[in-house]
1. Of all residues in segment 39-61, which are over 12 Å from the mean Cα position of the chain (by Cα) and within 18 Å of Leu72 (Cβ to Cβ)?
2. Inside segment 1-27, can you point out the residues that are at pLDDT below 85 and not in a helix (DSSP H, G or I)?
3. Being within 22 Å of Pro7 (Cβ to Cβ) and more than 13 Å from the chain's Cα centre (by Cα): is that true of Thr70 here?
4. Of the residues in segment 38-53, how many are open to solvent by less than 60 Å² (accessible area, probe 1.4 Å) and either closer than 25 Å to Leu71 by Cβ or of a type in the set (D, E, K, R) (or both)?
5. Among Ile63, Ile82, which is among the hydrophobic types (A, V, I, L, M, F, W, C), outside any helix (DSSP H, G or I) and open to solvent by 50 Å² or more (accessible area, probe 1.4 Å)?
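The values are calculated or read from the model by the stated rules, or taken from the named source; none is laboratory data. Small disclaimer: the values here were computed from a predicted structure and weren't measured. Here the Cβ positions follow ideal geometry from the backbone for every residue, glycine too, while neighbour counts run over all protein chains shown. Accessible surface is based on the protein model in full, side chains and every heavy atom, while ligands, DNA and RNA are left aside. Shrake-Rupley method; radii C 1.70, N 1.55, O 1.52, S 1.80 Å.
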Amino acid sequence: MALVALPLVRDMLIALFLKVTGFTASGIKFGSMAALIQSKIYGGIIAKGSLFSYLQSIGATGIFDPTLLTLLLLGGTVFYYIYMYSHAKNL
């Protein structure tokens, strides 16, 4: 029974994560982490097929490939921590 609920819980957590980080159905939320990433890294040009455009598409439509998104989010999290750890000495 619990195995049946796991995909639903995963999907709910992904939707919550996207909403909290600023990828909403009405676009990037002002003042959010997504807005900060867009302004600092992408500016006004978001490349088609980029991770940022993929996350915004999911935030807008709610439709996603759970396996791909899970791998992308895990990879992004690992990259973030490695980046922050390697730059922590400069803070």
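1. Filtering segment 39-61 for residues over 12 Å from the mean Cα position of the chain (by Cα) gives 39-49, 60-61.
Correct list: Ile41, Tyr42, Ile46, Ala47, Lys48, Gly49, Ala60, Thr61.
2. Met1
3. On the way: within 22 Å of Pro7 (Cβ to Cβ): yes; more than 13 Å from the chain's Cα centre (by Cα): no.
It is false that Thr70 is within 22 Å of Pro7 (Cβ to Cβ) and more than 13 Å from the chain's Cα centre (by Cα).
4. 6
5. Values: Ile82 fails: outside any helix (DSSP H, G or I).
Selected residue: Ile63, the only one of Ile63, Ile82 that is among the hydrophobic types (A, V, I, L, M, F, W, C), outside any helix (DSSP H, G or I) and open to solvent by 50 Å² or more (accessible area, probe 1.4 Å).
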